[in-house]
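The structure appears below as structure tokens.
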Amino acid sequence: MLSVRNYILFFVIMTSLGSTVFSAQAENSASKLESVAERSRDTHVIDEVPLFEFPAGEAPTKTVEKAAERQIENSIPEGVQGEATSGQVITTTKQKMDASNSTTDVARDNPADACLVPPPEVRRPTVALALGGGGARGTAHIGVLRVLKEAGISIDYIVGNSMGSIVGGLYSAGVPLDDIEKIMLDGSLRKAYMPGLIPPKLLISPVEKLLHPFKKHYAGLWTGKKFGQFLERQLPSGIENVEDTPIPFSAVATNLIDGKAYRISNGKLSTAIRASATIPALLQPVAIGDKIYIDGGVRANLPASAARDTGADIVIAVLVDEPLLKSPAKRFQHLGGIAGRLGDVMVAVADARQLPFADLIINPDVSGLPSLSNRPDDARRAIAAGEAAARKALPEIYKRLSLAKRAGLAAKKSTILSDHPPGHPQIQNR
């Protein structure tokens, strides 16, 4: 029988395998003409979504339900998305780039709302963290954050995806790391996320449709409402929206409508985290505005490019992928083994294209840990792995901070001298 993780991977992979193969072939033909960094930027554009108004006094989960119903009612009819054409032949470099950009570039809905790291009152290098997805392996982020805090390294911005969004979002809101660790160990987060077993839910789902034939919602075994309500209860008093977090935060999610990744930097914090961590087929997609969101890992599992866009001096990415080690042949006697391997490969390839955007990558040893696990020992091991990897990275982080500080001071001095000709009084440092 397929495990929960492999069931989800098999479902998603098999339903999208055709388009994945086609995209891979097209991408391979163009890759020879692009550098790794350029291709990463072109294929992982992550932009900020516009401000969304939430009715005063209405629960975030209710707002999501209403938005889904409205989207379904106003959806364009199938088959009229565009007029049929005779196709096209792509030969030049520009045509290839345009074809790629047409499905990846995202125009900012409101450029004035770009989320940049606010300059600290005392000038020092700014740091942005990119926390990747990885399910239960993502609890390693707790260990990384704990070591950075103990070392006195200030974090100016956090961008998270999936589990990275859960840990990063709660931490940005001021939830103590010990409290975040507690909900991982006691199973309360898992129970809120998946309040039941998959086989019984599969049997019950057809009956639920018969009982509520006119209810409009997106596909998924669970609504995700309990998950959203659970997140709301974890937030400190006074922290309700993404904009309220003491540490600026963004959650990365994938929009099913246009297939692009977005950085959610405003609106209800619990809804933003929920959207970023919604595994397709398991939870129903999250409707926000005119977009339908699922887990950001479909497009940007490691959101390093989004962290770079914050304008921080230093970007630290935390990668919690399963290492692509040699696997025993007997593993592939079962569909679950093949589906799991395909998932690992696809995620590893996508994350590799995000690495050029980070100055430093912390990669905890989470090999052998399942992405979906209810074992406290697995969470403890991941946290310990995060702590060990972060401690190992401290010397390099200190080095980068020192170099960035010296470079910043030199650039500032140069600017002041060039802006004020001889004889003019120089302004004080701002």
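The values are calculated or read from the model by the stated rules, or taken from the named source; none is laboratory data. Nothing here was measured: the structure is a model prediction, and the numbers come from that model. Glycine gets a Cβ as well: all are built from the backbone with ideal geometry, and neighbour counts include every protein chain shown. Side chains included, ligands, DNA and RNA excluded: accessible areas come from the protein's heavy atoms. Shrake-Rupley method; radii C 1.70, N 1.55, O 1.52, S 1.80 Å.
Exactly one residue among Thr310, Thr278 is in contact (Cβ under 8 Å) with a residue 60 or more places away in the chain, open to solvent by less than 10 Å² (accessible area, probe 1.4 Å), under 30 Å from Ala390 (Cβ atoms) and not in a helix (DSSP H, G or I), and that residue is Thr310. Of all residues in the range 394-412, one or more are at pLDDT below 55, surrounded by 13 or more Cβ atoms within 10 Å (Cβ to Cβ) and assigned to a helix (DSSP H, G or I). Based on this model, can you work out whether Ala300 counts as touching an Asp or Glu at 6+ places or on another chain (Cβ under 8 Å), touching a residue at least 24 places away in the same chain (Cβ under 8 Å) and of a type in the set (Gly, Ala, Ser)? Answer is no for this residue.
Tyr262 meets all of the listed conditions (1) open to solvent by 10 Å² or more (accessible area, probe 1.4 Å); (2) in a helix (DSSP H, G or I); (3) not acidic (Asp, Glu) but one, namely (2). Is there any pair linking a residue in the range 135-153 that is modelled with pLDDT of 95 or more and open to solvent by 20 Å² or more (accessible area, probe 1.4 Å) to one that is part of a helix (DSSP H, G or I) and not aromatic (Phe, Trp, Tyr), with Cβ under 6 Å and at least six apart or on different chains, and which? Matching pairs, first to second residue: Arg146/Leu177; Ala151/Leu394. Evaluate the range 233-253: report whether one residue or more is among the basic types (Lys, Arg), outside any loop (DSSP other than H, G, I, E, B) and without any contact (Cβ under 8 Å) to a residue 12 or more places away in the chain. Yes - at least one qualifying residue is present in the range 233-253. Residue under question is Leu203, and the condition is that it be at pLDDT below 90 and in a helix (DSSP H, G or I); does it hold? Taking the combined requirement at face value, the residue satisfies it.
Just to verify a result, which residue in the range 313-329, among those that are outside any strand (DSSP E or B) and modelled with pLDDT of 90 or more, is nearest to Ala140 (Cα to Cα)? Here the answer is Val320. Of everything in the range 281-307 that is small (Gly, Ala, Ser) and in a loop (DSSP other than H, G, I, E, B), the residue that is modelled with the lowest pLDDT is Ala281. Exactly one residue out of Ala251, Ala277 is in contact with a Phe, Trp or Tyr (Cβ under 8 Å, 6 or more places away or on another chain) and under 20 Å from Ile158 (Cβ atoms), and it is Ala277. Of all residues in the range 365-375, none are within 22 Å of Ala307 (Cβ to Cβ) and open to solvent by 50 Å² or more (accessible area, probe 1.4 Å).
Residues of the range 230-255 that are of a type in the set (S, T, N, Q), more than 18 Å from the chain's Cα centre (by Cα) and open to solvent by less than 70 Å² (accessible area, probe 1.4 Å): Gln234 alone.
Going through (1) in contact with an Asp or Glu (Cβ under 7 Å, 6 or more places away or on another chain); (2) among the acidic types (Asp, Glu); (3) under 19 Å from Ala130 (Cα atoms); (4) assigned to a helix (DSSP H, G or I) one by one, Asp344 falls short only on (3).
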